[in-house]
1. I need the full set of residues from the range 82-96 which are in contact (Cβ under 8 Å) with a residue 60 or more places away in the chain and either within 16 Å of the ligand (Cβ to nearest atom) or part of a loop (DSSP other than H, G, I, E, B) (or both), in order please.
2. Need the failing condition index for residue 70 against (1) within 16 Å of the ligand (Cβ to nearest atom); (2) surrounded by 19 or more Cβ atoms within 10 Å (Cβ to Cβ), just the number.
3. For residue 161, which of the numbered conditions (1) surrounded by 15 or more Cβ atoms within 10 Å (Cβ to Cβ); (2) more than 18 Å from residue 17 (Cβ to Cβ); (3) out of contact with any helix residue (DSSP H, G or I) (no Cβ under 8 Å at 6 or more places or on another chain) fails to hold?
4. Which residues, counting only those in the range 131-145, are in contact with a strand residue (DSSP E or B) (Cβ under 7 Å, 6 or more places away or on another chain), surrounded by fewer than 18 Cβ atoms within 10 Å (Cβ to Cβ) and not in a helix (DSSP H, G or I)?
5. Do we have any residue at all in the range 10-17 that's assigned to a loop (DSSP other than H, G, I, E, B), closer than 21 Å to residue 164 by Cα and within 13 Å of the ligand (Cβ to nearest atom)?
6. Determine the pairs where a residue that is in contact (Cβ under 8 Å) with a residue 24 or more places away in the chain, located within the range 147-159, has a partner that is near the ligand (Cβ under 8 Å from one of its atoms) and in a loop (DSSP other than H, G, I, E, B) with Cβ atoms under 6 Å apart, the partner being 6 or more residues away or on another chain.
7. Would you check which residues across the range 35-67 are within 13 Å of the ligand (Cβ to nearest atom) and free of Cβ contacts under 8 Å to residues at least 40 places away in the same chain and list them?
8. Say whether the condition of being surrounded by fewer than 20 Cβ atoms within 10 Å (Cβ to Cβ), modelled with pLDDT of 95 or more and on the phi > 0 side of the Ramachandran plot is met by at least one residue in the range 45-56.
Ligand SMILES: Cc1cc2nc3c(=O)[nH]c(=O)nc-3n(C[C@H](O)[C@H](O)[C@H](O)COP(=O)(O)O)c2cc1C
């Protein structure tokens, strides 16, 4: 089986977890991305915005909402991976205001996705995948999609069996 790429965005710092603000040393989506890497030996790529996002949760929600409302494409750090060597690409991200962070859209729009298999997971605090799957489909025209994996952020570190089942359903494990 050819190697899989997991490209993920995640933000450490203050986040809203089960009703409380918690300072995360590692972001929830990063935790899940690393679990997938360990399970299937995938390559990992972190999608990072060039600008520094606030560590404060409330400030972050304001910045994220502005980016979404203006349909922004925040600049992301280079170099970007060459995806031609991967048949399957897993996109991972938090749910920000009902969909993926706009920096993930910046990443997606760098590529021609025809012929690729694209799967996505999202960590969230109650909204699940939101509209991220339909947004993903719009950004990755020509790809083949499969059902995404929503994981509650507070359960990221204990999500092993959920991840394993999803990878098995998709023939990746
Ligand atoms: C800017 C911002 C917006 C968010 N919007 C939502 C939302 O609309 N729905 C939801 O369920 N969770 C929302 N959350 C919570 C995150 O999706 C959740 O904490 C996620 O696990 C964070 O992932 P990360 O640690 O990988 O960045 C939001 C968090 C932030 C910082």
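The values are calculated or read from the model by the stated rules, or taken from the named source; none is laboratory data. Source: prediction; values computed, not measured. All Cβ positions, glycine included, derive from the backbone under ideal geometry; neighbour counts span all protein chains shown.
1. Result: 86, 87, 90, 91, 92, 93, 94.
2. Unmet for residue 70, out of (1) within 16 Å of the ligand (Cβ to nearest atom); (2) surrounded by 19 or more Cβ atoms within 10 Å (Cβ to Cβ): (2).
3. Looking at each condition in turn, residue 161 falls short on (1).
4. Listed by number, the residues that qualify are 131, 144, 145.
5. Yes; the residues of the range 10-17 include at least one that is assigned to a loop (DSSP other than H, G, I, E, B), closer than 21 Å to residue 164 by Cα and within 13 Å of the ligand (Cβ to nearest atom).
6. Once the first residue is in contact (Cβ under 8 Å) with a residue 24 or more places away in the chain and sits in the range 147-159, its partners that are near the ligand (Cβ under 8 Å from one of its atoms) and in a loop (DSSP other than H, G, I, E, B) give 150/128; 153/125.
7. Passing the criteria: 46, 58, 59, 61, 62, 63, 64, 65, 66, 67.
8. no
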